[in-house]
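Step one of this worksheet: look at the structure below.
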Amino acid sequence: MATKTSPASGDLLDTPPGEVVVEFNEPVTPVDAATGVVAPDGDRADTRIAQNDAETTLVISVDADQEGTYLVGYRVVSHDGHPAKADHRRCLR
C-alpha cells in the first residue's frame, strides 16, 4: 500500500527533517491517533498531519530536536475499507 517514504526507513540523518512524507498507491484516510512520530524520549514529535488533494500522500510535520532513533508510524484506511499500518525508524546523530 505505501510505495515510498521520505526520508526512507532506516536512514541515518545528520540534520532533522521538518517533515516525513509517506506516499500510497491509492487514496487513504489516516487514523490520527495512530499516525505520527515518536521521539527518542517517548514523546510525540509530530506537530501536524496533512494530505495532498488526491489523498495518496501523508505529510507529517516533525519537531525533531533530539539525537537518537525516531519511530514513524501510520495507520490508514483505504477508500475501499481495508486497513494498513507500518512503523519505520529514522536515526539522527
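The values are calculated or read from the model by the stated rules, or taken from the named source; none is laboratory data. Just so it is clear, the model here is predicted, and its values are computed rather than measured. With ideal geometry, Cβ positions are generated from the backbone for all residues, glycine too; neighbour counts draw on all protein chains shown. In case anyone asks, the SASA skips ligands and DNA or RNA and just uses the protein heavy atoms, side chains included. Shrake-Rupley method; radii C 1.70, N 1.55, O 1.52, S 1.80 Å.
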Legend entry - Cβ-Cβ under 6 Å pairs, at least 6 apart or on other chains, the range 54-82 side polar (S, T, N, Q), far side open to solvent by less than 30 Å² (accessible area, probe 1.4 Å) and assigned to a strand (DSSP E or B): 56/24; 78/28
Inset, instruction - Find the residue count for the range 23-55, including only residues that are within 19 Å of residue 90 (Cα to Cα), within 11 Å of the chain's Cα centre (by Cα) and not small (Gly, Ala, Ser). - result: 7
Legend entry - Search result, residues across the range 71-93 that are of a type outside the set (A, V, I, L, M), assigned to a strand (DSSP E or B) and closer than 18 Å to residue 3 by Cα: 73, 74, 75, 78, 83, 85, 87, 88, 89, 90
Inset, instruction - Select from the range 74-88 the residues that are under 16 Å from residue 11 (Cβ atoms) and surrounded by 12 or more Cβ atoms within 10 Å (Cβ to Cβ) and list them in ascending order. - result: 86, 88
Legend entry - Residue tally, condition touching a Ser or Thr at 6+ places or on another chain (Cβ under 8 Å) and in a strand (DSSP E or B), over the range 45-70: 10
Legend entry - Number of positions in the range 10-26 that are outside any strand (DSSP E or B) and exposed (fewer than 15 other Cβ atoms within 10 Å of the Cβ): 6
Legend entry - The one condition in (1) surrounded by fewer than 16 Cβ atoms within 10 Å (Cβ to Cβ); (2) under 17 Å from residue 2 (Cα atoms); (3) acidic (Asp, Glu) that residue 65 fails to fulfil: (2)
Inset, instruction - Output yes when any residue across the range 35-49 is of a type in the set (Ser, Thr, Tyr) and open to solvent by less than 50 Å² (accessible area, probe 1.4 Å), and no when none is. - result: yes
Inset, instruction - All but one of (1) assigned to a strand (DSSP E or B); (2) free of Cβ contacts under 8 Å to residues at least 12 places away in the same chain; (3) not basic (Lys, Arg) hold for residue 37, so report the exception by its number. - result: (2)
